[in-house]
Amino acid sequence: MRDKIDRMMASMPESFIPDAAAGVEATIQYHLTGEAASDWVIQIADGACTVNEGTIDNPTLTLTMDSQDYVDMIAGRLNGMSAFMSGQLQLDGDIMLATRLFTMFKMGS
């Protein structure tokens, strides 16, 4: 499972859609729990996306989710809005950014 999370995070810059992120400058903290617990920092700025493992102070948005639920959501087996409404996905910070976030990446695994 951890290898899958590492591959998914490493592929984010390639699946990034710069036009969909026009004007966005944000730092997103992913806090994944469970079997493949890990923390990731996604920086979106100047039409580019970078991903690094770790944490950052004062991110624009923090997403907290079980690692298996995250894999299922990215694969399209779990609806992001349903996950949020049921508490499987917790958001802190710029919620409007969260609504745009998934349009900034080609989805699927």
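Taken together, the values in this text are just the output of simple stated rules run on the coordinates, not laboratory data. Keep in mind that this is a model prediction, so the values were computed, not measured. All Cβ positions, glycine included, derive from the backbone under ideal geometry; neighbour counts span all protein chains shown.
Work through the residues other than SER11 whose Cβ is under 13 Å from its Cβ and net out their charges, Lys, Arg +1 and Asp, Glu -1.
Details: positive: LYS4, ARG7, LYS106; negative: ASP3, ASP6, GLU14.
Result for the neighbourhood of SER11: 0.
Roughly how many Å is it from the Cα centre of segment 8-56 to that of segment 67-97, as a whole number?
About 15 Å separates the Cα centre of segment 8-56 from the one of segment 67-97.
Order the peptides 57-64, 69-76 from the highest to the lowest mean number of other Cβ atoms within 10 Å of their residues.
Numbers: 57-64: 16.2, 69-76: 18.4.
Ranked from most to least packed, the peptides come out as 69-76, 57-64.
Determine the gain in length on full extension of the stretch GLN90-ASP46; use 0.36 nm per residue of separation and subtract their C-alpha separation, reporting nm with one decimal. Walk me through the numbers on the way to the answer.
Details: separation 44, 0.36 × 44 = 15.84 nm, distance 2.70 nm.
Net length gain for the segment: 13.1 nm.
Could you rank the peptides 34-44, 80-90 by their average count of other C-beta atoms within 10 Å per residue, with the highest value first? Numbers along the way, then the final one.
Details: 34-44: 17.2, 80-90: 14.1.
In decreasing order of mean packing, 34-44, 80-90 become 34-44, 80-90.
Sticking to Cα atoms, compute the Rg of segment 27-80 to one decimal and its Dmax as the biggest Cα-Cα distance, whole number, in Å.
My reading of the Cα-based Rg and Dmax gives 11.7, 34 Å.
Rounded, prolate or oblate, given the Cα gyration tensor of the chain, with a/c below 1.5 counting as rounded?
rounded
Determine the dipole magnitude for the chain: charges of +1 sit on the beta-carbon of Lys and Arg, -1 on that of Asp and Glu, nothing else is charged, the reference point is the Cα centre, and the result goes in debye to the nearest 20.
Values: 6 positive and 15 negative charges, 69 e Å.
I would put it at about 340 debye.
Working from Cα positions, state the angle (0 to 90°, nearest 10) between the long axis of helix 2-15 and the longest principal axis of the chain.
With both axes taken from Cα atoms, the answer is about 20 degrees.
If we count every other residue with Cβ under 14 angstrom of LYS106's Cβ, Lys/Arg +1 and Asp/Glu -1, where does the sum land?
Working: positive: none; negative: GLU14, ASP19.
Neighbourhood net charge equals -2.
Using 0.36 nm per residue, how much length does the chain from ALA22 to SER82 gain when fully extended, once their Cα-Cα distance is taken away?
Fully extending the segment from ALA22 to SER82 adds 18.9 nm.
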